[in-house]
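> Quick one: the structure is below, questions incoming.
The values are calculated or read from the model by the stated rules, or taken from the named source; none is laboratory data. Every value quoted in this text rests on a predicted model; they were computed, and no experiment measured them. Every residue, glycine among them, receives a Cβ derived from its backbone with ideal geometry; neighbour counts consider all protein chains shown. To get the accessible areas, we keep the full protein, side chains included, count just its heavy atoms, and leave off ligands, DNA and RNA. Shrake-Rupley method; radii C 1.70, N 1.55, O 1.52, S 1.80 Å.
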Amino acid sequence: MQNKLPLIIDPIKAAQKKLDYVGYYPMQSATRVDSPKSDIECSLSFYYDEQRLCVIAIDAKITLEQICQRCFKPFITEVHVMNKFSPVKSDAQAETLPEHYEPVLMNEFGEVDILALLEDEIILSLPIAPVHDSKHCEVSEADMVFGEIPTENEKTNPFAILVSLKNKG
Ligand SMILES: [Zn+2]
């Protein structure tokens, strides 16, 4: 078991050595993830399956802050991503993969950017319109459906002042 997580790795060599990693990527390293509140806790396993396909198994967790799209207040949420990837050299090769593996493209040196892959997974797993758990949200479901735009108090109507000025003149 290795404790220093790789940023970029040759997955073929790692799978031949059956490498496993457990550790943390510092939150500052996930530059494309908005408002992270924890480091990324991550375990990685590299191996060959029974079909002799190279596999990268990722299991990662991060806590981050999102803005509720109902009440516009921030809230803390934990994201858990779990996925199995198989490194490929081309789109054609990606199409030959069994469904239970996601293809991940290797660069010209046969390497995979694990941190970039992880950031993609975290970003993809986030809801498009994040909302609070309804019991924590300050705007209730009923308000969303039946709510009305509050009418302005007539006393603050700026035209009333203009009218009174005009009348004085
Ligand atoms: Zn809310």
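> Among the numbered criteria (1) modelled with pLDDT under 95; (2) of a type in the set (D, E, K, R); (3) open to solvent by 90 Å² or more (accessible area, probe 1.4 Å), which one does R70 miss?
All conditions are met except number (3).
> Identify the residue in region 41-60 that is touching a Pro at 6+ places or on another chain (Cβ under 8 Å) and part of a strand (DSSP E or B) and, among all such residues, is farthest from I114 (Cα to Cα).
Within region 41-60, the subset touching a Pro at 6+ places or on another chain (Cβ under 8 Å) is 44, 46, 51, 53-54, 56.
Retained after the next criterion (residues that are part of a strand (DSSP E or B)): 44, 46, 54, 56.
On the way: L44: 9, F46: 12, C54: 15, I56: 9 Å.
Applying the filter and picking the extreme gives C54.
> Something else now. Among the residues of region 21-29, is any more than 23 Å from the chain's Cα centre (by Cα), among the β-branched types (V, I, T) and assigned to a strand (DSSP E or B)?
Let us first name the residues in region 21-29 that are more than 23 Å from the chain's Cα centre (by Cα), namely none.
So far as region 21-29 goes, no, none of its residues is more than 23 Å from the chain's Cα centre (by Cα), among the β-branched types (V, I, T) and assigned to a strand (DSSP E or B).
> Can you tell me which of (1) outside any loop (DSSP other than H, G, I, E, B); (2) buried (at least 16 other Cβ atoms within 10 Å of the Cβ) is the one E78 doesn't meet?
(2)
> Let me ask something additional. Could you tell me whether any residue of region 52-70 is of a type in the set (V, I, T) and within 16 Å of the ligand (Cβ to nearest atom)? Don't jump to the end; show me each part of the working.
Step one: filter region 52-70 for residues of a type in the set (V, I, T), giving 55-56, 58, 62-63, 67.
From what's left, within 16 Å of the ligand (Cβ to nearest atom): 67.
Checking region 52-70: at least one residue is of a type in the set (V, I, T) and within 16 Å of the ligand (Cβ to nearest atom).
> So, in region 105-139, of the ones that are in contact with a strand residue (DSSP E or B) (Cβ under 6 Å, 6 or more places away or on another chain) and within 16 Å of the ligand (Cβ to nearest atom), which residue ends up least open to solvent (accessible area, probe 1.4 Å)?
It comes out as P130.
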